[in-house]
1. Please state which one of A:153, A:195, A:184 is within 14 Å of chain B (Cβ to nearest Cβ) and either assigned to a loop (DSSP other than H, G, I, E, B) or more than 16 Å from ligand 2 (Cβ to nearest atom) (or both).
2. Can you give me the number of residues within segment A:110-124 that are closer than 15 Å to residue B:102 by Cβ and assigned to a helix (DSSP H, G or I)?
3. Among the residues of segment B:1-57, which ones are at pLDDT below 85, surrounded by 12 or more Cβ atoms within 10 Å (Cβ to Cβ), within 30 Å of residue A:81 (Cβ to Cβ) and more than 10 Å from every other protein chain (Cβ to nearest Cβ)?
4. Determine whether residue A:86 is farther than 15 Å from residue B:101 by Cα and either free of Cβ contacts under 8 Å to residues at least 24 places away in the same chain or surrounded by 15 or more Cβ atoms within 10 Å (Cβ to Cβ) (or both).
5. Quick one: residue A:204 ticks every box in (1) surrounded by fewer than 20 Cβ atoms within 10 Å (Cβ to Cβ); (2) out of contact with any strand residue (DSSP E or B) (no Cβ under 9 Å at 6 or more places or on another chain) except a single one, so which number is it?
6. Does segment A:76-96 contain at least one residue that is more than 11 Å from chain B (Cβ to nearest Cβ) and assigned to a strand (DSSP E or B)?
7. Could you please give the count of residues in segment A:15-33 that are more than 16 Å from ligand 2 (Cβ to nearest atom) and not in a strand (DSSP E or B)?
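The values are calculated or read from the model by the stated rules, or taken from the named source; none is laboratory data. Nothing here was measured: the structure is a model prediction, and the numbers come from that model. Cβ atoms come from the backbone with ideal geometry, glycine included; neighbour counts cover every protein chain shown.
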Ligand SMILES: Nc1ncnc2c1ncn2[C@@H]1O[C@H](COP(=O)(O)OP(=O)(O)OP(=O)(O)O)[C@@H](O)[C@H]1O
Ligand SMILES: [Mg+2]
């Protein structure tokens, strides 16, 4: 079968109004749309049951879509499944392996299943990169959980996919494998492989992803460049609790864009730490002293991605829908 | 050859599934071979020597020779069904089926791999029984090609049936209930070890409703040219069953029944 080599930067995966209603009537995906560029790394975040696995499973052909469509390198996943599935490698969330197979055989099996001629040199490269080479003749049931996870990754890479789905690759994985895994991810990205991963670890998403998507109640409620999110993260707030309530801000404080709380007892100053050095905390404090405003306490805070995330997903489902519509 | 084939179908996938399934069977090779040899020998000792000494001949054939096609059919049916049903049930149960479902393979390719391997093993076992029988009696096969045709068609169609069973079953009981409660009784009541001529007329007509009778009768005809029903009826019957099972498998993959939610 012909191998398609998508151009870096072109849209390799286009999810269009994808919905999934399971047989019991449960709507696990609600009109999800997302375009992913070749070579991108996208992290999908979301609480348990949000629909991350359902989204991945639908694209990979494990779950039938109820409506909407998905194009992989311009090909429809239902009508051109031979082309689209050959481009995709999937590392599932659940650890499922055949107990009585050897590592070598199970990885070679995967390559054949995806229609590629045997290539022992490639299998060897994959096994070595995952530190599985010395286990190649071991039965899978004799491997530890972390090694089984590596085997699943090796299977997914056996046919040289252009898109790799990693469904919670770091669940139950030790620090060394986690490091190995991110080393592999960056090697793959260097070779132009598009990576879509789900995780519950926000630092992980921050560290490796180009874009971050948040799914909740089957809806994609946020997709943003990591840098844009980091800019939001870069915002810090200084809160000053005053002794005496203020009626209004004195003119001398106008340039700083301070906010005064309703009861007049709190001043909030938002500043950007990413703009080097030039944050005027000292000027603000100077101006306050000159205006004769005294405070009894102060603290600074920084919103983390985690806070943004928790804030987003804790809204009730219809509240989010409204939020997204506005 | 492989490059031409791989252009029209996912030939490597068929081969991968087939080899995987045959390897699974090889792991239990000893018991796979010893069991049919032992049970066939037991049948010959019990039915052939003990009962056969009283029955003498059926339709001009010695009793020991008479039961050979029935023994082969019993083994073909039970093995085809259990090989194929287990072959797909287990990955479904353990979750490893995700890989086949996410692979660029068509229904036909999946079926060729799984059903082809299950049928291959059933055919090998059938031939082992035939060879074992050769130790006890003098075998005479009037139409070897028709015999092989029957064996292959039966193994294929019942492997397909087993494949469907394995997809349908959602627990181990269901998996074993069909072979034990339906197939084995049908084989025993289908004239495997007696001729329906020996039965009262009412039972003769009832026996004609047993599909396995047609299989046993057809296979026996290929050996001794004696049959209860016309051999072509048997051949057409088993071919139709094969087509029906193929149709059901197609419907299963089209609708995603029990495989793709
Ligand atoms: N086969 C199924 N039939 C019915 N409902 C299902 C099925 N599979 C998943 N669901 C439901 O769909 C919803 C989304 O499940 P999904 O596995 O996609 O969540 P997830 O985001 O991957 O969660 P987690 O972080 O726990 O892995 C859940 O409420 C789940 O119960
Ligand atoms: Mg999940």
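1. Working: A:195 fails: within 14 Å of chain B (Cβ to nearest Cβ); A:184 fails: within 14 Å of chain B (Cβ to nearest Cβ).
Matching residue, one of A:153, A:195, A:184: A:153.
2. Summing the residues that are closer than 15 Å to residue B:102 by Cβ and assigned to a helix (DSSP H, G or I) in segment A:110-124 gives 4.
3. B:5, B:25
4. Spelling it out, it is not the case that residue A:86 is farther than 15 Å from residue B:101 by Cα and either free of Cβ contacts under 8 Å to residues at least 24 places away in the same chain or surrounded by 15 or more Cβ atoms within 10 Å (Cβ to Cβ) (or both).
5. All conditions pass for residue A:204, except number (2).
6. yes
7. 3
Residue by residue, here is whether (1) buried (at least 23 other Cβ atoms within 10 Å of the Cβ); (2) under 28 Å from residue A:208 (Cβ atoms); (3) within 13 Å of ligand 1 (Cβ to nearest atom); (4) assigned by TED's automatic domain parsing to the domain that holds residue A:152 holds:
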residue: A:17; (1), (2), (3), (4): no, no, no, yes
residue: A:24; (1), (2), (3), (4): no, no, yes, yes
residue: A:34; (1), (2), (3), (4): no, yes, no, yes
residue: A:67; (1), (2), (3), (4): no, no, no, yes
residue: A:73; (1), (2), (3), (4): no, yes, no, yes
residue: A:90; (1), (2), (3), (4): yes, yes, no, yes
residue: A:103; (1), (2), (3), (4): yes, yes, no, yes
